[in-house]
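Please read the structure below before turning to the comments.
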Amino acid sequence: MLLPDIRTFLAVASAGSLSAAARQLDVIPMQVSRRIAALEEDLGVRLFHRTTRSVTLTAEGEAFIPYARSMADAEAGARAELNPSPGKASGVLRMTAPSGFGQSVVLPMLPALLEANPDLRIDLDLSDRQVDIVGQGLDVALRIAPLEDSELVAKKIAPNPRLICAAPAYLKKHGRPTLVSELDHHACIRLGAVKQWPLVVDGALIRKRVDAYVTTTSVEAARTAAVQGLGLAQLTYWDVFRQLADNSLVEVHLQDASMEDLSVWAVTPSRRYVPNRVNVFLGALQGQIAELGQSYGRPS
């Protein structure tokens, strides 16, 4: 397989047509068609369904995408490693992040990142589900949930402990719980179908069942509901740091329990051939978190 053929395949898959891919690659459409035909002959499979009006991926083409991206990224990583000035990032950074963290931390940093790296493009999936980064052909995933054992490579970016918080108006009206048992008498805001909150009691992680007045799958919705005084919410520091700073939310401390220590992790498919755009992004993210920590305070 030739790398120009692989890059052409990725361009057609992204653009959805041979002519659009040709414009993107600055070649004639006939050259694109020949490269795709050569790649299909080399692989022994048909990668695209072609009609006079459209080009769509076959099942084999869909399956080949992550491998093609891996090979293209390996070449880009090698060039970046040998480049005497590798500070600039280029290409498409494909990533996923939890919705709350993405909205509060990642999105605000993108204007400065893109201005400093004009050849960089961002493909960002904000989702609280764990995405298969290898199968989806992603460069990096930011994760906050406890990491499961896998062959993926994880790098700790920053601490991000869980905390219980509520609006001052709610606490003034309903009182502030100080013991785990007192949570039974409070309205709680629950994320998803999980009916229990993780708490650390006597050094052991327990699951405390809470009575949900509001249940939502969205971190942003849970935060908004808490600010509106609808109950107690258990979120993470980087989900609510701005609200803690402006006092629209206050942290609730329990005397007989502490919160689970979580962290923000950057997960990549491999230690080898990490594209320069990933390293540039992660460096910018760490700088962003350090700057926010100075402005808003650091999680304890």
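Since every read-out is calculated from the coordinates, none of them should be taken as a lab result. Bear in mind the structure is a predicted one, so any value in this text is a computation, not a measurement. Glycine gets a Cβ as well: all are built from the backbone with ideal geometry, and neighbour counts include every protein chain shown.
Just to be sure I follow: if Rg is taken over the C-alpha atoms of segment 169-220 and Rh is the Kirkwood radius over the same atoms, what is Rg/Rh?
The Rg/Rh ratio comes out at 0.99.
Take each of the peptides 136-142, 291-297, 182-188, average the number of other beta-carbon atoms within 10 Å over its residues, and list them starting from the highest.
Highest-to-lowest ranking by the protection proxy: 136-142, 182-188, 291-297.
For Thr268, Thr216, which order do you get if you count the other beta carbons within 10 Å of each Cβ and list the fewest first?
Ascending number of Cβ neighbours within 10 Å: Thr216, Thr268.
How many angstrom lie between the C-alpha centres of segment 90-110 and segment 197-242?
23 Å
So how long is each side of segment 3-82 along the principal axes, counting just the alpha-carbon atoms, biggest first, in Å?
Ordered largest first, segment 3-82 gives principal extents of 42, 26, 19 Å.
Under a GNM of the chain (C-alpha, springs under 10 Å), which listed residue has the highest mean-square fluctuation: Arg143, Arg50, Arg176?
Result for the chain, Cα springs under 10 Å: Arg50 fluctuates most.
Mind checking segment 159-195 for trypsin sites (Lys or Arg not before Pro) that DSSP puts in a loop (not H, G, I, E or B) and that have at most 14 other Cβ atoms within 10 Å?
The qualifying sites are Lys195.
Rounded to the nearest 20 Debye, what is the dipole magnitude of segment 3-82 about its Cα centre when Lys and Arg each give +1 and Asp and Glu each give -1 at the C-beta?
Around 360 debye, computed over segment 3-82.
Would you compute, for the Cα atoms of segment 162-252, the largest minus smallest coordinate along each principal axis and list the three values in descending order, in whole Å?
That works out to 33, 27, 24 Å along the principal axes.
Given springs between every Cα pair under 10 Å in a Gaussian network model of the chain, which of Ile65, Ile28, Ile189 has the largest fluctuation?
Ile28
Report which label in (i) 29.5, 93; (ii) 21.2, 71; (iii) 23.6, 73 holds the value of Rg and Dmax of the Cα atoms in Å derived from the coordinates of this structure.
Matching the structure shown: (iii).
Compute the orientation-averaged projected area for segment 189-300 from the convex hull of its Cα atoms and round it to one decimal in nm².
9.1 nm²
What is the sum of charges, Lys and Arg at +1 and Asp and Glu at -1, for the other residues whose Cβ falls under 10 Å from the Cβ of Gln103?
For residues surrounding Gln103, the net value is -1.
For segment 36-77, rounded, prolate or oblate, judged on the Cα gyration tensor with a ≥ b ≥ c (square roots of eigenvalues), a/c < 1.5 rounded, else prolate if a/b > b/c?
Cα axes put segment 36-77 in the prolate bin.
Explain nothing, just compute: Karplus ³J(HN,Hα) = 6.51 cos²θ - 1.76 cosθ + 1.60, θ = phi - 60°, for every residue of segment 5-10 in order, whole Hz, x for Gly and Pro.
So the Karplus estimates, Gly and Pro as x, are 5, 5, 5, 5, 4, 5 Hz.
What residues have an amide H closer than 5 Å to that of Ser263, excluding those fewer than 5 places away on the same chain, when H is modeled at 1.01 Å from N in the peptide plane?
Excluding prolines and chain starts, which carry no amide H, the hits are Asn160.
How high is the relative contact order of the chain, in percent, with contacts defined as C-alpha pairs under 8 Å that are six or more residues apart?
Answer for the chain is 22 percent.
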